[in-house]
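J.: This is the structure I have questions about; it appears just below.
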Amino acid sequence: MKKLFLAAVLLALAGTLQAAAIPQLKAFIAGSSTLTADFQQVITSKGKRNEASGTLSIARPGKFLWVYNKPYDQLIDGDGKRLWIYDKELSQVTTRPLNAALGSSPAALLAGSNAIERDYTLREAGNDKGLAWLTATPKKDENTFKAIRMGFSNNVLQVMELSDTFGNLTRISFSNLKKNPDLPASLFHFTPPKGVDVISDQ
């Protein structure tokens, strides 16, 4: 009888822990109007694995700077109105209205005040390896991502896993995350360098 009681208690505790991811997401967004972090990104596609790393800065709502420094130099900037993608190797900049890009970039999702809750259906996904997980599925079909998983610890986002419509799985791990640092507005102002090709979608 004691063993059965203990098992029931453990199951109840597990259920409590598993229910923590969505509240942690809300606390993370509400408690960090600005943030910076390092990230490690792994994209798995058709058995191939590509790794990259860099830094991320966010100022809600709608401003972010996502900088890749290994193995290539690329900058993704959201200035609150437009999305800019600068590929240094190609000497090319592409830009589009930010609203049209909110569903296509992890940084844009994190930079929105309520973009994830507004555009995705959230469900608890249990606990694994010390993290509380949730799944987010898009409410509309015209979304780059089919599904998103987010892992939290102590109200801080640790991992994002994004499955896109092309069959790719992107896993992004965050480290050295700092909440509410002072970030100058100029950090998110992007001016295309002289001599690069600029491709504008609208």
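The values are calculated or read from the model by the stated rules, or taken from the named source; none is laboratory data. Keep in mind it's a predicted model, so treat the numbers as computed, not measured. So basically every Cβ, Gly included, is an ideal-geometry build from the backbone, and we count neighbours across all protein chains shown.
J.: List every residue pair whose Cβ atoms lie under 6 Å apart, where the two residues are 6 or more positions apart in sequence or sit on different chains, the first residue falls within segment 29-47 and is under 12 Å from F174 (Cα atoms), and the second residue, located anywhere, is surrounded by 15 or more Cβ atoms within 10 Å (Cβ to Cβ) and of a type in the set (F, W, Y).
T.: A37/F174; F39/F174
J.: Here is a check on your reading of the model: is Y120 more than 24 Å from D182 (Cβ to Cβ) and under 14 Å from the mean Cα position of the chain (by Cα)? Spell out the reasoning first.
T.: On the way: more than 24 Å from D182 (Cβ to Cβ): yes; under 14 Å from the mean Cα position of the chain (by Cα): yes.
Here the answer is yes, as Y120 does meet what is asked.
J.: Of the conditions (1) closer than 23 Å to A59 by Cβ; (2) of a type outside the set (D, E); (3) at pLDDT below 95, F174 fails just one. Which one is it?
T.: Exception for F174: condition (3).
J.: Take the residues in segment 170-195 that are touching an Asp or Glu at 6+ places or on another chain (Cβ under 9 Å) and in a loop (DSSP other than H, G, I, E, B), then tell me which one is surrounded by the fewest Cβ atoms within 10 Å (Cβ to Cβ).
T.: Ranking the qualifying residues of segment 170-195, first place goes to H189.
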